[in-house]
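The values are calculated or read from the model by the stated rules, or taken from the named source; none is laboratory data. This is a predicted model, so every value here is computed, not measured. Using ideal geometry, Cβ is built from the backbone for each residue, glycine included, and neighbour counts are taken over all protein chains shown. Heads up: the accessible areas ignore ligands, DNA and RNA and are worked out on the full protein's heavy atoms, side chains in. Shrake-Rupley method; radii C 1.70, N 1.55, O 1.52, S 1.80 Å.
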Amino acid sequence: MLACIAVVFSLTGLGLTAVAANRLRRVLKSPRMRRAQDAALGATLVALGVRVAVE
């Protein structure tokens, strides 16, 4: 019985994670968010390049 409860909790948690990931995917695929992601990645790569150049 205790194992069944653990399985139900696990499946519920995984199901909620899947629903949240699906909703988050819609937000992250928007053009505005893609530009923000590209800008953040670019800034990170430049910062890492500067750090390597300074060493």
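Report whether or not Val27 is modelled with pLDDT of 95 or more, out of contact with any His (no Cβ under 7 Å at 6 or more places or on another chain) and assigned to a helix (DSSP H, G or I).
No.
What single numbered condition from (1) modelled with pLDDT under 95; (2) more than 19 Å from the chain's Cα centre (by Cα); (3) among the small types (Gly, Ala, Ser); (4) surrounded by 10 or more Cβ atoms within 10 Å (Cβ to Cβ) fails to hold for Ala3?
(4)
Kindly provide the set of residues from the range 7-32 that are open to solvent by 70 Å² or more (accessible area, probe 1.4 Å) and aliphatic (A, V, I, L, M), ordered by number.
Across the range 7-32, the qualifying residues are Val7, Val8, Leu11, Leu14, Leu16, Val19, Leu24, Val27.
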